[in-house]
Amino acid sequence: MTKLRVGLIGAGGIATDVHLPAYKNISEQVEVVAIADVAYERAQSVAKEHGIPEAFDSYQSMLEKVDLDAVSVCVPNKFHNESAIAALNAGCHVLCEKPPAMNQEEAIEMEEAATKSGKLLMYGFHYRFQSETQAAKRFIDAGEFGEIYAGRVQAIRRRGIPGWGVFTNKELQGGGPLIDIGVHMLDTALYLMGYPEPEVVLGQTHQQIGTKKGVGLLGEWDYQNYTVEDMAVGMITFKNGASLVLESAFAANVEKRDTMQVSLMGNKGGADIFPLKMYQEKHDTLIDLTPAYLPQINAHETEIHTFVKDCLEGNITDNFAKQGTNIQKIIDGLYQSAQTGKAVNL
């Protein structure tokens, strides 16, 4: 295989602003040959603008008529499962935007389809590719943190309810900030912790701001049709004894406009990841370690380039798919706990 022949499912912002530029930057390795969207005129427009040879009004037609090696799934969460499985069954590697799916059952189906097809299924958790995350992982792998037994993740916006797209539509998204932005920090923490197996979750959701008109820092949201949570909080315990506390909000009365943070605590050291600052005791002294230099990278681009490299080199692993199922299990458990008012044993 000289070039990876890629098709895009979905012609929205994540496809045009993230996936297409990343593929174009390695045009010697990748050729985007087709794009599909139910909004056919949009697909045609994107194809014309970016020099994509073919546009379709359905991913089914694209998969049937075009010889593809890989597919980017860039559609609302509700359609991740069906489109990713169709692409895998058609013999394509798949890079699917986060979250994996609407629920654990769908994620399991996707994992099983990937295993059966022998193709790579990767999810768009780009924060794990950030310089800070990778630097922290090097320290963790070298034993500098010892046993990581506790953590905290935050994905909190002051008034960051999206004023576009379907982010506030539970039927199409499956939930609000937990499944949209909280999942990024949750994945980053789990990635650094070695993706331990979850055991029990306790969660609560709140809908106090989104159903009312208010100041929007990300555009004016449709408060009259707001069907997701404003905020989700929870605690996860793992079979290895570790624990994790989570807070995620589209809108909260807090000082900072936007906080995306992972904090980890081990018996030899700990860290806040964004920006990276590490804490240890050495030679009878408490010390803080701050990198003097970390490379500035585009994490989205690095994620997509990693996907391309793995596809071309045949580095087919089931790690991404299994981790996607694991994180979906946690999200489902937190939502179930919030609904029932009880802890959920996973």
Selection from region 130-151 of residues that are more than 20 Å from the chain's Cα centre (by Cα), open to solvent by less than 40 Å² (accessible area, probe 1.4 Å) and of a type in the set (Ser, Thr, Tyr) = none
Would you check if there is a residue in region 132-144 being small (Gly, Ala, Ser), more than 21 Å from Thr259 (Cα to Cα) and modelled with pLDDT of 95 or more?
-> yes
Evaluation of Gly118 against (1) open to solvent by 10 Å² or more (accessible area, probe 1.4 Å); (2) farther than 30 Å from Asn267 by Cα; (3) under 16 Å from the mean Cα position of the chain (by Cα) (one fails), failing number = (3)
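Just checking: which of the strands (runs of 3 or more DSSP E) contained wholly in region 1-102 hold 2 or more residues that are aliphatic (A, V, I, L, M), over 19 Å from Ile179 (Cβ atoms) and open to solvent by less than 60 Å² (accessible area, probe 1.4 Å)? Steps first, answer last, please.
Working: elements: 4-9, 30-36, 54-56, 70-73, 93-96.
Passing ranges, in order: 4-9, 30-36, 70-73.
Listed here are the residues, each with its yes/no results for (1) under 26 Å from Ile14 (Cβ atoms); (2) touching a Leu at 6+ places or on another chain (Cβ under 9 Å); (3) basic (Lys, Arg).
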residue: Leu190; (1), (2), (3): yes, yes, no
residue: Val200; (1), (2), (3): no, yes, no
residue: Thr205; (1), (2), (3): yes, yes, no
residue: Leu217; (1), (2), (3): yes, no, no
residue: Trp221; (1), (2), (3): yes, no, no
residue: Leu244; (1), (2), (3): no, yes, no
residue: Tyr279; (1), (2), (3): no, yes, no
Per-region count, region 152-206, residues closer than 24 Å to Leu218 by Cβ, among the charged types (D, E, K, R) and either assigned to a strand (DSSP E or B) or open to solvent by 30 Å² or more (accessible area, probe 1.4 Å) (or both) | 5
Of the residues in region 71-90, those that are hydrophobic (A, V, I, L, M, F, W, C) and over 19 Å from the mean Cα position of the chain (by Cα) come to Ala86, Ala87, Leu88, Ala90
Selection within region 216-226 - open to solvent by 70 Å² or more (accessible area, probe 1.4 Å) and part of a loop (DSSP other than H, G, I, E, B) | Glu220, Asp222
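The values are calculated or read from the model by the stated rules, or taken from the named source; none is laboratory data. Fair warning: this is a prediction, and the values are worked out from it, not measured in the lab. Quick reminder, even Gly has a Cβ in these numbers, built from the backbone with ideal geometry, and neighbours come from all protein chains shown. Heads up: the accessible areas ignore ligands, DNA and RNA and are worked out on the full protein's heavy atoms, side chains in. Shrake-Rupley method; radii C 1.70, N 1.55, O 1.52, S 1.80 Å.
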